[in-house]
Amino acid sequence: MTCDEAQILLHALLDNELDAGHTREVEAHIASCPACAAEFAAQREMKRVLADTKLRYSAPASLRARIEASIPQARPQPSRRSVLRGFAMGSAVSALAATGIVAVVLRQDDQQRILSEVVSAHLRSLQAGHLIDVVSTDQHTVKPWFNGKLDVAPPVIDLTAQGFTLVGGRLDYVDGRAIGAVVYKRRQHVINLFVAQTSSTEHRPPKTQTMQGFNCRRWGERGLNFWAVSDIGADELTEFVDKFEAAMRANVEG
């Protein structure tokens, strides 16, 4: 494990978010690297200081008294008949809406689960020897490599001139199936662009979330789902996705 890889995982180690394999690798690196050991010790000390600091403010009892005094007096209790009538009406409305509401909640939960798997795949890729299956800065080499390995090969676009260097690609596994991962670098930072086929052809605008210290930007386009994951800043990741989408549209229109 290199120092760059270890630096990415120090926070996760400190918060006990790594699996046993990653934990052993990072701890072994720290034991042999004074610089990373010092950084880890500094982060651990900062966490201890923040935990010991009294950041909670207790409101005075007089505030509770003022709030209670400002609350209007309780209204008369409704009759049993009115309660039952309101319950019946509410139940009817709920019955009409329940299926759609549950579906939305399930979809959101499913999206979060898949995003968690994508971030885990990004973490796995940072291990030595796991990042790239096909090493090339040539998009005409990387894209054909996916042919025959996936139902739909992911779009591979060279953004080196825009500051995001294409370094290769690999197969990964998310949600129980094989998907493509196109790998870019921004300085020393790795950007994994995961691409999976979907039955939906609607456009889903990009949305940025943070998970386990990584920025994730996901969107949908032309029957494909995209997840860009990296430890670069959210603004730089947005720039990457904007440039990728612009180049992809130009290729389609061209």
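Label 7 Å along Cα→Cβ of residue 137; region 176-202 residues with amide nitrogen under 20 Å?
Correct set: 182-193.
So, R0 is 51 Å and r is the distance between the beta-carbons of residue 47 and residue 250; what FRET efficiency does that work out to, to 0.05?
Efficiency for this residue pair is about 0.65.
Straight distance only, please: which lysines reach the Cα of residue 243 with their own Cα at less than 27 Å, same-chain residues fewer than 8 apart left out?
Within the straight-line limit of under 27 Å, residue 243 reaches these lysines: 143, 149, 185, 207.
Please sort by residue number the trypsin sites (Lys or Arg not before Pro) in region 200-254 whose DSSP state is loop and whose Cβ has at most 15 other Cβ atoms within 10 Å.
Listed in order of number, the matching sites are 222.
If each residue of separation counts as 0.36 nm, what is the full-extension length gain between residue 160 and residue 235 once their alpha-carbon separation is subtracted?
Full-extension gain reported as 25.2 nm.
Find, among the GluC sites (Glu not before Pro) in region 180-254, those assigned to loop by DSSP (not H, G, I, E, B) with at most 16 other beta-carbon atoms within 10 angstrom. Could you put the intermediate results ahead of the total?
On the way: sites: 202, 221, 236, 239, 245, 253; in loops: 202.
Those that pass, being in a loop and sparsely packed, are 202.
At residue 152 and residue 3, where each label point lies 7 Å from the Cα along Cα→Cβ, what is the point-to-point distance in nanometres?
Between residue 152 and residue 3, the simple spin-label model gives 4.3 nm.
Any idea what the relative contact order of region 3-52 is, in percent, if you count C-alpha pairs under 8 Å spaced at least 6 apart?
39
Under the definition of Cα pairs under 8 Å and six or more residues apart, what whole-number percent is the relative contact order of region 106-253?
It rounds to 18 percent for region 106-253.
Taking the inverse of the average 1/r across all pairs of different Cα atoms in region 1-46, what Kirkwood radius in Å do you get?
Kirkwood radius, region 1-46: 10.3 Å.
Under 1.5 on a/c is rounded, so check that first for region 106-253, then, if it is not, pick prolate when a/b is larger than b/c and oblate when it is not; a ≥ b ≥ c are the square roots of the alpha carbon gyration tensor eigenvalues.
rounded
Readers should treat all values here as calculations from the given coordinates under stated rules, not as data from a laboratory. None of the values given here were measured: they were computed from a predicted structure. Glycine gets a Cβ as well: all are built from the backbone with ideal geometry, and neighbour counts include every protein chain shown.
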